[in-house]
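The values are calculated or read from the model by the stated rules, or taken from the named source; none is laboratory data. These numbers were taken from a predicted model, which means no experiment stands behind them. Here the Cβ positions follow ideal geometry from the backbone for every residue, glycine too, while neighbour counts run over all protein chains shown. Heads up: the accessible areas ignore ligands, DNA and RNA and are worked out on the full protein's heavy atoms, side chains in. Shrake-Rupley method; radii C 1.70, N 1.55, O 1.52, S 1.80 Å.
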2 protein chains.
Amino acid sequence: MDIQNYLPFWDKLSTGQKSVLTENSNARKIAKDTVIHNGNLDCTGLIIVRSGRLRAFITSEEGREITLYRLFDSDMCLFSASCMLHSISFEVTITAETDSDVIIIPTEVYRKLMEESAPVANFTNELMASRFSDVMWLMEQVMWKSLDKRLAAFLLEESEVEDTHTLKTTHETIANHLGSSREVITRMLRYFQSECLVKLSRGTVTLTDISGLQRIVRD
Amino acid sequence: MDIQNYLPFWDKLSTGQKSVLTENSNARKIAKDTVIHNGNLDCTGLIIVRSGRLRAFITSEEGREITLYRLFDSDMCLFSASCMLHSISFEVTITAETDSDVIIIPTEVYRKLMEESAPVANFTNELMASRFSDVMWLMEQVMWKSLDKRLAAFLLEESEVEDTHTLKTTHETIANHLGSSREVITRMLRYFQSECLVKLSRGTVTLTDISGLQRIVRD
């Protein structure tokens, strides 16, 4: 396993700590759409993404979702080990958006390391600060940007992530990403279509005017 | 100065670290309405509230505000030292809501301590996790609770904090707390008044039906 490549604090660990980490961490393949972590029900452990894509989201009582952030190659998921931090009182669900290769460090192993080692604790701090910043960005979007800007930004981002102008997605899925409802998204997508920004067909949204969408995000 | 009473990691510091902390931290009195920390312009340091009340909020480009959390006696403010964490990319403003007594630990002193000491780094982790949870709660409110619930919850909370049923506040101030506009808040308060939940007069909102307001929050 190549765990050392993903951990910036590796060189600051003792030989004993390195072998505890290596011996207890597990490489695993996760199939697309698998729920890896489900709020406080699981204490999965720290997840390192070797390849693939994970999505972290929260869910309302009525079942509406909003995407908090995505994790790509080399990213590390802290909230799958949130039981490690007493002060975390929210529940995040994590799913694989594509087939993914991950390494899982068991919670107990990581917690012990963090207690012993200031570099590990400080790395964890930066990791949390970085997710916190993602969530603050999202909150500002939700609070202060109108849905047309958020939808345009989302389509452009998806197009970049998937490396295609034709997104295979449903209006329901988009609504779940943006914390909106299917009806509202369908209405806005139809408006975009009427402005020749996208073309809609069954199960796909095709971006037809990238700079037009960028203008909506910007203005 | 009584700094040791506020720092759970005090007993785990060396004698040298203790004296660096004591010698470099400053007690300060902050007058009501003073801006203590203004986003990335300042790197004020860690603020410990000995008594009083601080408010942390973010501001939109158009000048709208939303309260992220409040800090009371013995609370510690991490984001006034956010320059310490490279991964923080959002800007928080902190003001004193009442005359307050605080202790300020300079950023450089705290950063050095955190680098050396796992207990300090782990305490910082829990502190951030706790603020993160506040913000996630707020985000769920904003996303999924309607404004009537949020306004009722806010009035009840204020009433408890101020220990009175008669709140001296403007509709503008309430709007700033909730990330809304004055017009929207005025409309909702008038609706509450028509339901005999509150009584409005110039510069005050009086809560007249506490259990009615609680019912709105709950249902």
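A few points about this structure:
- Test: residue in the range B:73-84 that is within 13 Å of chain A (Cβ to nearest Cβ), touching a residue at least 60 places away in the same chain (Cβ under 8 Å) and at negative phi: yes
- Checking A:L78, A:L151, A:L113 one by one, the residue that is surrounded by 19 or more Cβ atoms within 10 Å (Cβ to Cβ) and more than 29 Å from A:P8 (Cβ to Cβ) is A:L151 and no other.
- Among the residues examined, B:R190 qualifies as away from every other protein chain (no Cβ under 14 Å), more than 16 Å from B:V217 (Cβ to Cβ) and basic (K, R).
- Residue in the range A:44-59 that is among the aliphatic types (A, V, I, L, M), touching a helix residue (DSSP H, G or I) at 6+ places or on another chain (Cβ under 8 Å) and more than 24 Å from A:L113 (Cα to Cα) present: yes
- Filtered residues of the range A:92-110 (kept if within 22 Å of A:H177 (Cα to Cα) and open to solvent by 10 Å² or more (accessible area, probe 1.4 Å)): A:T93, A:T95, A:E97, A:T98, A:D99
- In the range B:22-64, residue most open to solvent (accessible area, probe 1.4 Å) [restricted to those that are within 14 Å of chain A (Cβ to nearest Cβ) and out of contact with any strand residue (DSSP E or B) (no Cβ under 9 Å at 6 or more places or on another chain)]: B:E61
- The single condition among (1) surrounded by 17 or more Cβ atoms within 10 Å (Cβ to Cβ); (2) within 23 Å of B:R55 (Cα to Cα) that B:I216 does not meet is (2).
- Here B:V184 clears all of (1) open to solvent by 40 Å² or more (accessible area, probe 1.4 Å); (2) of a type in the set (V, I, T); (3) away from chain A (no Cβ under 14 Å); (4) touching a helix residue (DSSP H, G or I) at 6+ places or on another chain (Cβ under 9 Å) except the condition numbered (3).
- The range B:87-172 holds helices (runs of 4 or more DSSP H) entirely within its bounds, and those carrying 1 or more residues that are more than 14 Å from chain A (Cβ to nearest Cβ) map to B:107-116, B:147-162.
- Given (1) over 26 Å from A:M114 (Cβ atoms); (2) touching a helix residue (DSSP H, G or I) at 6+ places or on another chain (Cβ under 7 Å), number of the condition B:V120 does not satisfy: (1)
- Matching entry among B:V135, B:V198 (being surrounded by 14 or more Cβ atoms within 10 Å (Cβ to Cβ) and closer than 14 Å to B:L68 by Cα): B:V135
- Counting only strands (runs of 3 or more DSSP E) wholly contained in the range B:2-67, the ones carrying 1 or more residues that are touching a residue at least 24 places away in the same chain (Cβ under 8 Å) and either in contact with a Cys (Cβ under 6 Å, 6 or more places away or on another chain) or under 20 Å from B:N125 (Cα atoms) (or both) occupy B:46-51, B:54-59.
- Sole exception among (1) open to solvent by 10 Å² or more (accessible area, probe 1.4 Å); (2) at pLDDT 90 or above; (3) under 18 Å from A:R64 (Cβ atoms) for A:I174, by number: (1)
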